[in-house]
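**Student:** Handing you a structure now.
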Amino acid sequence: MVRTAAAVERGAYGTRDFEQARAVLARTYGDHVPVLHGDRERFAFSTTVQQTETLGLDSLHYGGLIENDFVLRGDALLVGLMREGGLRVDDGTDEHTLAREELYWVEPDRPQRQWTEDVRFDFARLDLAALTAVAAGLCDLEPSQVRFHRRVEGTAPPERVRWWDSTRRWVAEHVLADDLVADEPLVRAEAFRSLARATVLTVPGTALDRLTDPTAPVPGPAEPATLRRAVAYIDRHAAEDIGLTEIAAAARVTPRGLQATFRRHRDQTPLEYLRRVRLEGAHRDLGAADPTRGDTVAGVAARWGFAHPGRFSVLHRRVYGTSPGEMLRR
């Protein structure tokens, strides 16, 4: 990848080597664990990048059939428009197949599983601190109250998506592509604000909610990044042998600090949250179990770390109002 030393860093890269592509994507976007399915000869990867201090604009082609566990890292909102191909996303709350020219967005530290086939995307990576400051200026929220909904909580109207796309194209082609223009700090700042405004008014979130309904309740402050990282790690690894030490390491904080953060923002401990996630996993597995195949309550409970079937049964009934045995027989 070739880069310049100007105010805008630019690069282009292409390869048919799957591992090289994985490394480039991991550096740019974060945790990226892809598995290539089918004919390896179909695989191809290419990307172009424009990068300023607060904004990255990328175009990406990812050829082949790929399954990928993905967690966006860093401090930017990733917004993309799928030009062609197929993308199915499962974020643990909603599973959705993206349509062509449909907008896709991801906040940091929210794990998801993706299935892509010969996709082409145009992305924008917007610095979250700068983006939430712009959002706060458009409505009467504090920056800490600005957050963007998961897709299950709202979709972007097509006419707004077209506006967002035209704004991104203008920034990419008429600002960041021209050194004489892009070297001016005020021009770069205004270009970022233009795309940030289009993003706030297109991607569903608390700021757009507030602008649409000024009487809507004001949301509380967003949870800190430390807590989001810990929750994402627990959600992703609950079926594994993890404890407070591993969770704290993933959250990049000391165990004591993590305990205090959970108490302050969730009124529970990290291990209490882990136990609830494991209980939800066991509950789902019971619903899908088949006693005729030898599935048992004790086996499902043990798989999720509940060594005592009787205590598991009491906890399950308290939370779900039914016994594990009743779930298994449905």
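**Student:** Are there helices (runs of 4 or more DSSP H) fully within region 145-202 with at least 2 residues that are of a type in the set (A, V, I, L, M, F, W, C), more than 15 Å from G56 (Cα to Cα) and out of contact with any strand residue (DSSP E or B) (no Cβ under 9 Å at 6 or more places or on another chain)? List them.
**Tutor:** 179-182, 185-200
**Student:** Which ones in region 170-215 are touching a Leu at 6+ places or on another chain (Cβ under 9 Å), of a type in the set (A, V, I, L, M) and over 18 Å from E159 (Cβ atoms)?
**Tutor:** Answer for region 170-215, where residues must be touching a Leu at 6+ places or on another chain (Cβ under 9 Å), of a type in the set (A, V, I, L, M) and over 18 Å from E159 (Cβ atoms): V171, A172, L176, A182, A191, A196, A207.
**Student:** Report yes if some residue within region 46-54 is among the aliphatic types (A, V, I, L, M), farther than 26 Å from A250 by Cα and buried (at least 20 other Cβ atoms within 10 Å of the Cβ); otherwise report no.
**Tutor:** Checking region 46-54: at least one residue is among the aliphatic types (A, V, I, L, M), farther than 26 Å from A250 by Cα and buried (at least 20 other Cβ atoms within 10 Å of the Cβ).
**Student:** May I pose another question? Kindly indicate which of V33, V24 is over 30 Å from E159 (Cβ atoms) and outside any helix (DSSP H, G or I).
**Tutor:** Criteria check complete, one pass: V33.
**Student:** To continue, here is another question. Any residue in region 296-306 that is more than 28 Å from I247 (Cα to Cα), modelled with pLDDT of 85 or more and surrounded by fewer than 18 Cβ atoms within 10 Å (Cβ to Cβ)?
**Tutor:** Scanning region 296-306 turns up at least one residue that is more than 28 Å from I247 (Cα to Cα), modelled with pLDDT of 85 or more and surrounded by fewer than 18 Cβ atoms within 10 Å (Cβ to Cβ).
**Student:** Looking at (1) surrounded by fewer than 18 Cβ atoms within 10 Å (Cβ to Cβ); (2) at pLDDT 95 or above; (3) of a type in the set (V, I, T), can you tell me which one V79 breaks?
**Tutor:** (1)
**Student:** Would you confirm whether any residue within region 238-248 is surrounded by fewer than 16 Cβ atoms within 10 Å (Cβ to Cβ) and within 24 Å of V146 (Cβ to Cβ)?
**Tutor:** Checked against the condition, which is being surrounded by fewer than 16 Cβ atoms within 10 Å (Cβ to Cβ) and within 24 Å of V146 (Cβ to Cβ), region 238-248 yields no hits at all.
**Student:** For region 281-297, does any single residue satisfy the condition of being within 28 Å of T254 (Cα to Cα) and touching a Lys or Arg at 6+ places or on another chain (Cβ under 8 Å)?
**Tutor:** No, region 281-297 contains no residue that is within 28 Å of T254 (Cα to Cα) and touching a Lys or Arg at 6+ places or on another chain (Cβ under 8 Å).
**Student:** Now, a different point. I'd like the residue in region 278-305 that is of a type in the set (G, A, S) and in contact (Cβ under 8 Å) with a residue 24 or more places away in the chain and, out of all such residues, is nearest to D235 (Cα to Cα).
**Tutor:** Restricting to residues being of a type in the set (G, A, S) and in contact (Cβ under 8 Å) with a residue 24 or more places away in the chain, the top hit is G281.
**Student:** Name the helices (runs of 4 or more DSSP H) wholly inside region 207-277 in which the number of residues that are touching a residue at least 40 places away in the same chain (Cβ under 8 Å) and aliphatic (A, V, I, L, M) is 2 or more.
**Tutor:** 225-237
**Student:** While we're here: Just to be sure, is D285 crowded, with 18+ Cβ neighbours inside 10 Å, among the charged types (D, E, K, R), more than 29 Å from F148 (Cβ to Cβ) and modelled with pLDDT under 90?
**Tutor:** It is true that D285 is crowded, with 18+ Cβ neighbours inside 10 Å, among the charged types (D, E, K, R), more than 29 Å from F148 (Cβ to Cβ) and modelled with pLDDT under 90.
**Student:** Determine, yes or no, whether R100 is modelled with pLDDT under 95 and surrounded by fewer than 18 Cβ atoms within 10 Å (Cβ to Cβ).
**Tutor:** Yes, satisfied.
**Student:** Go through (1) of a type in the set (A, V, I, L, M); (2) closer than 21 Å to V187 by Cβ; (3) touching a Gly at 6+ places or on another chain (Cβ under 8 Å) for V171 and report which single condition fails.
**Tutor:** Of the numbered conditions (1) of a type in the set (A, V, I, L, M); (2) closer than 21 Å to V187 by Cβ; (3) touching a Gly at 6+ places or on another chain (Cβ under 8 Å), the odd one out for V171 is (3).
The values are calculated or read from the model by the stated rules, or taken from the named source; none is laboratory data. In this text, all values refer to a predicted model and were calculated from it rather than measured experimentally. Every residue, glycine as well, gets a Cβ built from its backbone with ideal geometry; the counts of neighbours run over all protein chains shown.
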